[in-house]
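**Q** Provided herewith is a single structure, encoded as structure tokens, for subsequent inquiry.
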Ligand SMILES: Nc1ncnc2c1ncn2[C@@H]1O[C@H](COP(=O)(O)OP(=O)(O)OP(=O)(O)O)[C@@H](O)[C@H]1O
Ligand SMILES: [Mg+2]
């Protein structure tokens, strides 16, 4: 345990206790909440698995998560702008670019986990380099965590690259073994706290730490797809989030941080269930309108329309394999006439989008 008497926020915390920290993980409040969180998580996982070509459809949902996660770091942009940037390569810079980096980092992480079934320090480093290409790598310098407003020093993470790497090796060991009797959801909270306390990078520790929770739950087989979006919750409850991390540091008490994360998982999983159900309803509406009123309804087309909230003629042509650009143009124009899509002209490019779909994603 961190000795509360010894805690000095201004001194590098090279005494950070190793995992698994000495703590009663079978606390009744934790056991009750972990049960509820697991039920909610299983529900969203099952529902997401039912979506046709799930991984394609998860991508737009991840943009919302990426926007929320980046907002915690004051990278301000809207879901709308990110989708726009995604289709307009010349707009891929600034805040929207950073948001897309976050999403790319999740996908890269997924690849790593799926290929090898473990997460290592090299993976943490790789993920951070995608999130923060300009400040990548394990830090050689010391950093401080301060109160944004008062600039009061709240916590000083460990210093020295070797120390940092040793702490990370301990995190690695903790997350890659599954015989310690601690529920993976509880473990996700514990290692998230530990990772943030190690604070291995100059920047991007929060974003990488949030990505690691999702990847870990996938590795632990609690999720098949990255459909747990915690950032909105963390942003909404940022004060409590910082307080529970601080309490764990200063008092060595992990209860609040575990409860915080378990509640976040339950609430966010339930919210995503509702979003996915609404997307399914909207897809069904598209299906029935296209099947009744056009000659070009196909399953493949519906999937594609819901994989990118902003369509262009070229995107549709390329992905549907139409030989004539005109075919794609005709389909999109017809869908606008049917009220399924709206269109918008930016510079020389024309975009097509469903207002209802965008609303579900923002
Ligand atoms: N007292 C604390 N102890 C340990 N970690 C903390 C503490 N207070 C905040 N943190 C962590 O530090 C993160 C911020 O660090 P950093 O700026 O490197 O990450 P970021 O991804 O750039 O920012 P953000 O998380 O705000 O988006 C927070 O998200 C939080 O997880
Ligand atoms: Mg930062």
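The values are calculated or read from the model by the stated rules, or taken from the named source; none is laboratory data. Remember, predicted model here, so these are calculated numbers, not experimental data. Neighbour counts are summed over all protein chains in view; Cβ atoms, including those assigned to glycine, are modelled from backbone coordinates with ideal geometry.
**Q** Report yes if some residue within segment 183-193 is within 11 Å of ligand 1 (Cβ to nearest atom), modelled with pLDDT of 95 or more and buried (at least 20 other Cβ atoms within 10 Å of the Cβ); otherwise report no.
**A** Within segment 183-193, one or more residues are within 11 Å of ligand 1 (Cβ to nearest atom), modelled with pLDDT of 95 or more and buried (at least 20 other Cβ atoms within 10 Å of the Cβ).
**Q** Among the residues of segment 49-60, are any at pLDDT 90 or above and either more than 16 Å from the chain's Cα centre (by Cα) or within 25 Å of residue 357 (Cβ to Cβ) (or both)?
**A** Scanning segment 49-60, I find no residue that is at pLDDT 90 or above and either more than 16 Å from the chain's Cα centre (by Cα) or within 25 Å of residue 357 (Cβ to Cβ) (or both), so the answer is no.
**Q** Check residue 177 against each of (1) surrounded by fewer than 16 Cβ atoms within 10 Å (Cβ to Cβ); (2) under 25 Å from the mean Cα position of the chain (by Cα); (3) farther than 19 Å from residue 17 by Cβ and name the one condition it does not meet.
**A** Just one mismatch for residue 177, condition (3).
**Q** Of the conditions (1) in contact with a strand residue (DSSP E or B) (Cβ under 9 Å, 6 or more places away or on another chain); (2) surrounded by fewer than 20 Cβ atoms within 10 Å (Cβ to Cβ), residue 249 clears all except one; give me its number.
**A** (2)
**Q** Any residue at all in segment 66-80 that's more than 16 Å from ligand 1 (Cβ to nearest atom), under 20 Å from residue 310 (Cα atoms), over 15 Å from the mean Cα position of the chain (by Cα) and part of a helix (DSSP H, G or I)?
**A** The answer is yes; a qualifying residue exists.
**Q** Please determine whether any residue of segment 129-141 is over 22 Å from residue 11 (Cα atoms) and more than 16 Å from ligand 2 (Cβ to nearest atom).
**A** Among the residues of segment 129-141, not one is over 22 Å from residue 11 (Cα atoms) and more than 16 Å from ligand 2 (Cβ to nearest atom), which makes the answer no.
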